[in-house]
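Before any comments, here is the structure.
The values are calculated or read from the model by the stated rules, or taken from the named source; none is laboratory data. A quick note: this is a predicted structure, and the numbers were derived from the prediction, not measured. Ideal geometry is used to build each Cβ from the backbone, glycine not excepted, and the neighbour counts take in all protein chains shown. Calculation scope for accessible area: heavy atoms of the full protein, side chains included, ligands and nucleic acids excluded. Shrake-Rupley method; radii C 1.70, N 1.55, O 1.52, S 1.80 Å.
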Amino acid sequence: MSSKERPTLGGTRIKTRKRNIAAPLDPAAFSDAVVQIYLDNAGDLELVAKSIESSDLNFSRYGDTFFEVVFTGGRTQPGTTKPDEGERHPYSIIDCEPKREVISPSVIYIQKILRRRPFLIKNLENVMRKFLQSLELFEENERKKLAIFTALAFSQKLSGLPPETVFQPLLKDNLVAKGLVLSFITDFFKEYLVDNSLDDLISILKRGKVEDNLLDFFPPAKRSNDAFADHFTKEGLAALVEYNEKKIFEVKLKEMKSALTTQITEETDISEVIETVKLRVRDAKLPDIEAVRVLWDVLMDAVQWSGKNQQQNANAALRQVKTWAELLNTFCTSGKLELELMYKVQMQCYEDAKLMKLFPEIIRSLYEQDVLAEDTILHWFRKGTNTKGRQTFVKALEPFVNWLEEAEEED
């Protein structure tokens with residue numbers, strides 16, 4: 001066999017990569033095509049939806065343009081809401097009447113489109129964000145239409161539209177300062193609550209991360225709880241005002257508990273603690289009964305409880321009562337409030353197994369420190385209305401009550 005090498009062709013073969021040549025963007029042609037579909041079907045949204053579904057238009061590339069046509073009737077200029085060149089149709093959301101029954105079909109129409117092309121939800125978000133950040137460029141009537149559409153979109157649970165897409169863009173300082181945001185959000189609230197509950201609205205506000213900051217929708221000069229109440233009461237949204245007042249109350253109550261816990265833990269002088277509680281109670285407009293409940297909760301929460309040693313628990317509870325008796329005395333100013341304190345002690349001992357056997361000792365200590373009067377204890381013993389653990393506690397307190405009754409007879 002021959003050992004000679006076979007001849008080879010000289011040179012190197014270079015492989016060239018085929019490049020995808022992207023077609024240039026042409027949103028104008030896309031917009032004109034969509035507008036023509038509207039015009040061909042005389043704005044009948046059911047027919048428009050069918051025509052769009054059967055078309056070969058590139059929605060993945062021109063999603064934003066599509067929703068501009070839906071909302072305004074044609075393309076808008078980049079960064080504005082002003083109409084751009086090209087064809088337009090008169091059947092857009094902005095061109096219709098500001099009534100829910102007129103705008104609702106547009107929401108249903110968009111829902112159909114999104115079911116077939118769910119990727120378009122991001123384009124809807126983009127366009128809504130753009131329009132909401134540019135509220136000042138719309139007429140008052142047009143802003144109301146946008147508010148109605150937004151309310152209906154959430155009411156009908158438009159596919160995957162996140163609330164933060166709506167609420168966060170509204171918080172631009174210049175829009176808030178001009179009162180445009182307050183007007184928009186008021187229309188939104190009123191329209192949404194036609195078909196939904198206040199709890200539903202609060203749920204959306206939570207998801208939009210604005211539930212705790214509703215005052216941020218008000219111009220700085222009107223940013224107060226009184227202004228909030230006045231505005232929404234006049235707009236017929238008393239339930240929202242009530243919710244906000246409850247929210248404010250809860251915040252102040254939490255702040256009061258926190259301040260009181262700090263002072264008790266640091267063993268602040270009792271006179272200073274009393275003044276702090278009085279100030280907080282007055283500021284929060286806290287009912288006397290609620291103040292008594294808060295005081296007892298905070299005092300008991302500050303106790304260092306033992307896991308198993310019952311005697312240590314008893315000593316700790318009684319020491320806390322003795323130390324802060326003057327504080328309790330300051331706010332238990334009537335038989336009704338003393339009875340409320342007894343019910344509070346009863347509930348805590350009922351719900352906490354380690355305190356179950358301490359009820360009579362705590363009551364006796366409160367009596368000895370002049371926080372509870374004899375009449376209050378006897379009333380609870382004979383006519384108490386709270387049934388939680390009552391039979392057990394009545395039996396446990398019976399020896400002390402007998403002693404009180406004997407002392408009363410001797411007097």
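Got a number for the accessible area of W403? Probe 1.4 Å, square angstrom, nearest 10.
Surface open to solvent at W403 totals about 110 Å².
Using alpha carbons only, how many angstrom separate the centre of region 179-257 from the centre of region 316-363?
Measuring centre to centre over Cα atoms gives 38 Å.
How big is the charge dipole of region 134-220 about its Cα centre, in debye rounded to the nearest 20, if each Lys and Arg gets +1 on its Cβ and each Asp and Glu gets -1 on its Cβ?
Numbers: 10 positive and 14 negative charges, 27 e Å.
Using Cβ point charges on Lys, Arg, Asp and Glu, region 134-220 gives about 140 debye.
About the Cα centre, and with charges only on the beta carbon of Lys, Arg (+1) and Asp, Glu (-1), how big is the dipole of region 259-383? Nearest 20 debye, please.
Once rounded to the nearest 20, the dipole reads 460 debye.
Using just the helices of the chain, give the 222 nm mean residue ellipticity in deg cm²/dmol: DSSP H runs with n ≥ 4 each add -39,500 (n - 2.57), and the total is spread over all residues, rounded to 500.
Mean residue ellipticity at 222 nm (helix-derived): -20500 deg cm²/dmol.
With a 1.4 Å probe and all protein chains in place, put T385, T392, T268 in order of accessible area, largest first.
Details: T385 110, T392 75, T268 30 Å².
Ranked list, largest accessible area first: T385, T392, T268.
Kirkwood hydrodynamic radius for region 157-313: how many Å is it when counted over pairs of different Cα atoms? It would help to have the intermediate numbers written out before the result.
Values: mean 1/r = 0.0536 Å⁻¹.
It is 18.7 Å.
Could you order H379, H231 so the one with the most accessible surface comes first? Probe is 1.4 Å.
Details: H379 80, H231 45 Å².
So the residues, ranked largest to smallest area, are H379, H231.
Determine the share of the chain's accessible area contributed by carbon and sulfur atoms, expressed in whole percent, with a 1.4 angstrom probe. Please report the intermediate quantities before stating the final value.
Working: 10900 of 23150 Å².
For the chain, the apolar C and S fraction of the accessible surface comes to 47 percent.
Taking the Cα centre of the chain as the origin and placing charges on Cβ (Lys, Arg +1; Asp, Glu -1), which of I148, T376, H89 is farthest toward the positive end of the dipole?
Projecting each Cα onto the dipole axis, the largest value belongs to H89.
What do the square roots of 5 times the Cα gyration tensor eigenvalues come to for region 86-168, in whole Å, largest first, as semi-axes of the equivalent ellipsoid? Working shown, then result.
Numbers: eigenvalues 70, 49, 37 Å².
Equivalent-ellipsoid dimensions as semi-axes: 19, 16, 14 Å.
I'd like the accessible area for F400: 1.4 Å probe, protein heavy atoms, all chains in place, Å² to the nearest 10.
It works out to around 10 Å².
Got the relative contact order for the chain handy, in percent, Cα pairs under 8 Å and 6 or more residues apart?
Averaging sequence separation for qualifying contacts and normalising by length gives 8 percent for the chain.
Pull out a ≥ b ≥ c, the square roots of the eigenvalues of the alpha-carbon gyration tensor of region 287-411, then state rounded if a/c is under 1.5, prolate if not and a/b is larger than b/c, and oblate in the remaining case. Walk me through the intermediate numbers first.
Numbers: a/c = 1.45, a/b = 1.19, b/c = 1.22.
It comes out rounded by the Cα gyration axes.
³J(HN,Hα) across region 280-288 via Karplus (A = 6.51, B = -1.76, C = 1.60, θ = phi - 60°), whole Hz, x for Gly/Pro?
5, 4, 5, 5, 8, 6, 7, x, 4
Which pairs, out of K99/K206; K178/K234; K278/K357; K172/K246, put more than 22 Å between their alpha-carbon atoms?
K99/K206; K278/K357; K172/K246
For the chain, what is the accessible area per residue in Å², given a 1.4 Å probe and the full set of protein chains? Numbers along the way, then the final one.
Values: 23150 Å² over 411 residues.
Result: 56 Å² per residue.
So, with +1 on the Cβ of K and R and -1 on the Cβ of D and E, and no other charges, what is the size of the charge dipole of the chain about its Cα centre, to the nearest 20 debye? Numbers along the way, then the final one.
On the way: 57 positive and 65 negative charges, 670 e Å.
Roughly 3220 debye for the chain.
Which whole-Hz ³J(HN,Hα) couplings does region 126-142 yield from phi under the Karplus relation 6.51 cos²θ - 1.76 cosθ + 1.60, θ = phi - 60°, glycine and proline marked x?
4, 5, 5, 4, 4, 5, 5, 6, 10, 4, 5, 8, 9, 6, 4, 4, 5
Computed from these coordinates, which is volume of the Cα convex hull per residue in Å³: [x] 351; [y] 163; [z] 184?
Matching the structure shown: [x].
Can you put K122, K130, K395 in order of accessible area, largest first, using a 1.4 Å probe?
Per-residue accessible area, sorted high to low, gives K395, K122, K130.
Give the long-range amide H neighbours of T76: residues separated by 5 or more places, or on another chain, with amide H under 5 Å away, using H modelled in the peptide plane at 1.01 Å from N.
Here the answer is D84, since their amide H atoms fall under 5 Å of that of T76.
Once amide H atoms are placed 1.01 Å from N in the peptide plane, what residues at a sequence separation of 5 or more from L161, or on another chain, have their amide H within under 5 Å of its amide H?
The list, which skips near neighbours in sequence, is empty: none.
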